[in-house]
Amino acid sequence: TRLEYRYGVVLVLLLVTFMFLAVGPTGAWTRFVSVLLQGATLLAALAAARAGRRVRRLAAFATGIALAGALATIRVGGPDIGDMFWLLNGLFVGLAPIAIARSVLRRRVIDGTTVLAALCIYVLIGMLWAFVYTAIGSFASHPFFVQQAKANITDYLYFSFVTMTTVG
């Protein structure tokens, strides 16, 4: 396909997703856009990693189901339903680094594509932890952060990347 080893596309999708989530929008539509961006990122990562056709079709089917579910929650609402989508985003983000790493190891070449792939994996791992923290904070009986009673995805993204870069 034309997207083989096109990790720049994946990185752009990750940056768009990061910027969207960092702005901190609220509302049920946020879940839909978030799932749309994460699903598109997963599909682009699988295409760039030259994953098998069956895996790509399964990911496309899961993305379609997730989008339908996110669209349904706009009508139904409820914070408990919305909290499940952070776990789903974490699943989408957690699968992509595995496919990318396998692809890079298969290539056995270190070049610009490899560097882009490594950057994608790094950002994906940071987002994965942000979604894990968000899910923990959503389902826990006590606040995740001591200083803040109700954190949002922006707080979790900040915490995840500051922790990963060892700045904090």
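The values are calculated or read from the model by the stated rules, or taken from the named source; none is laboratory data. If you're wondering where the values come from, they're calculated on a predicted model, not measured in any experiment. Here the Cβ is made from the backbone with ideal geometry for all residues, glycine too, and neighbour counts use every protein chain on show. The area values use the complete protein model at the heavy-atom level, side chains included, leaving out ligands, DNA and RNA. Shrake-Rupley method; radii C 1.70, N 1.55, O 1.52, S 1.80 Å.
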Return the single residue from 103, 34, 141 with maximal mean-square fluctuation; model: Gaussian network over the chain, springs between Cα atoms under 10 Å. 141
Quick calc, the chain, dipole around Cα centre from Cβ unit charges on Lys, Arg (+) and Asp, Glu (-), nearest 20 debye, gives 840
Between 0 and 90°, nearest 10: helix 7-23 axis offset from the chain longest Cα axis: 10
Solvent-accessible area per residue, Å², over the chain with all protein chains present [probe radius 1.4 Å]: 56
At q = 0.20, 0.23, 0.26 Å⁻¹, what log₁₀ I(q)/I(0) does a Debye calculation on the Cα points of the range 1-79 give, no solvent, two decimals? -0.89, -1.03, -1.15
15 Å cut-off, amide nitrogen to a point 7 angstrom out along residue 74 Cα→Cβ, residues in the range 12-31: 26-31
Honestly the range 114-168 on the Cα gyration tensor test (a ≥ b ≥ c root eigenvalues; a/c under 1.5 rounded, otherwise a/b vs b/c for prolate or oblate) is just prolate
So which trypsin sites (Lys or Arg not before Pro) in the range 1-49 are both in a DSSP loop and have at most 13 other Cβ atoms within 10 Å of their Cβ? 2
With all protein chains present, the range 81-168 has a carbon and sulfur share of its accessible area (1.4 Å probe) in percent of 69
Taking the chain and counting helices only, DSSP H stretches of n ≥ 4 at -39,500 (n - 2.57) each over all residues, the nearest-500 ellipticity at 222 nm comes to -27000 deg cm²/dmol
Name the residue farthest towards the positive end of the dipole of the chain from the options 85, 117, 160, assuming +1 on Cβ of Lys and Arg, -1 on Cβ of Asp and Glu, about the Cα centre. 117
Any idea what diffusion coefficient the chain gets from Stokes-Einstein, in µm²/s, Kirkwood Rh on alpha carbon pairs, 4 °C, 1.567 mPa s? 79
